[in-house]
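Colleague: There's a structure below that I have some questions on.
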Amino acid sequence: MVDDNTRALLRESGLRVTAQRASVLEALRVEPHVTADVVARRVRSEGVAISTQGVYDVLDALTAAGLTRRIEPAGSPAVYETRVGDNHHHLVCRSCGVIVDVECVVGEAACLMPSDNHGFAVDEAEVVFWGLCPTCQIPT
């Protein structure tokens, strides 16, 4: 069930409210860090007709409008989240692929600004921490 806040977010971002857009955005608000295939299954399970290409098109539109963020961990398919605009970071499990948000980096500062920006207007730095999640650390 899509709520009024989701519809309002779409309107405020200049996007036309459709069942597909609202359902995709709602699916990401419920569980972040999921692939387009997972989003497609969730949206279809709610009775919304949408093709796989349609899901990608909606995700692209939501990302362009600043409502979602696309994350591409090395060796994994792209995942999407609705937490945008705060330049947070991620922990990624090398074994199961689970992704967890990290509020900020503490301790010794990571290299967040390039020593030479080559004329780029840098607006974001991406830090990804790799390791094993607690579940995958348990010996089998």
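Colleague: Would you look at the GNM of the chain, springs on alpha carbons closer than 10 Å, and say which of G119, G97, G54 moves the most?
Modeller: Top of the fluctuation ranking is G119.
Colleague: Continuing with this model, one more query. Using a 10 angstrom cutoff on alpha carbons, build the Gaussian network for the chain and name the most mobile of P114, P77, P32.
Modeller: P114
Colleague: On full extension of the chain, what length is gained from T35 through R70, given 0.36 nm per residue of separation minus the C-alpha to C-alpha distance?
Modeller: Extending this stretch completely gives an extra 11.7 nm.
Colleague: Name the most mobile residue of A61, A49, A27, meaning the one with the largest mean-square fluctuation, in a Gaussian network model of the chain with Cα contacts below 10 Å.
Modeller: A49
Colleague: If you line up the Cα atoms of the chain on their principal axes, what length do they span on each, largest first, in Å?
Modeller: For the chain, the Cα extents along the three principal axes come out at 50, 47, 25 Å.
Colleague: Give the share of C-alpha pairs in each 5 angstrom bin for the stretch 4-71, from 0 to the last occupied bin, in whole percents, shortest bins first.
Modeller: For the stretch 4-71, the pair-distance distribution reads 3, 19, 35, 27, 15, 1.
Colleague: Loop only per DSSP, at most 11 neighbouring Cβ atoms within 10 Å: give me the trypsin sites (Lys or Arg not before Pro) in the stretch 1-52, ordered by residue number. Don't skip to the end; give the middle numbers.
Modeller: On the way: sites: R7, R11, R16, R21, R29, R41, R42, R44; in loops: R16.
For trypsin sites (Lys or Arg not before Pro) across the stretch 1-52 that sit outside H, G, I, E and B with at most 11 neighbouring Cβ atoms in 10 Å, the list reads R16.
Colleague: Now for a different question. Just to be sure I understand the model, the point goes 7 Å from the Cα along the line to the Cβ. What's the resulting C96 to Q137 distance in nm?
Modeller: Calculated label separation equals 1.3 nm.
Colleague: Continuing with this model, one more query. Work out the FRET efficiency for N117 and R83 from their Cβ-Cβ distance, taking R0 = 30 Å, and round it to the nearest 0.05. Don't skip to the end; give the middle numbers.
Modeller: Working: r = 26 Å, r/R0 = 0.85.
E(calc), rounded to 0.05, equals 0.70.
Here, each number is a calculation from the coordinates, and none is a lab measurement. Predicted model only: the values in this text are computed from it and were never measured. Cβ atoms come from the backbone with ideal geometry, glycine included; neighbour counts cover every protein chain shown.
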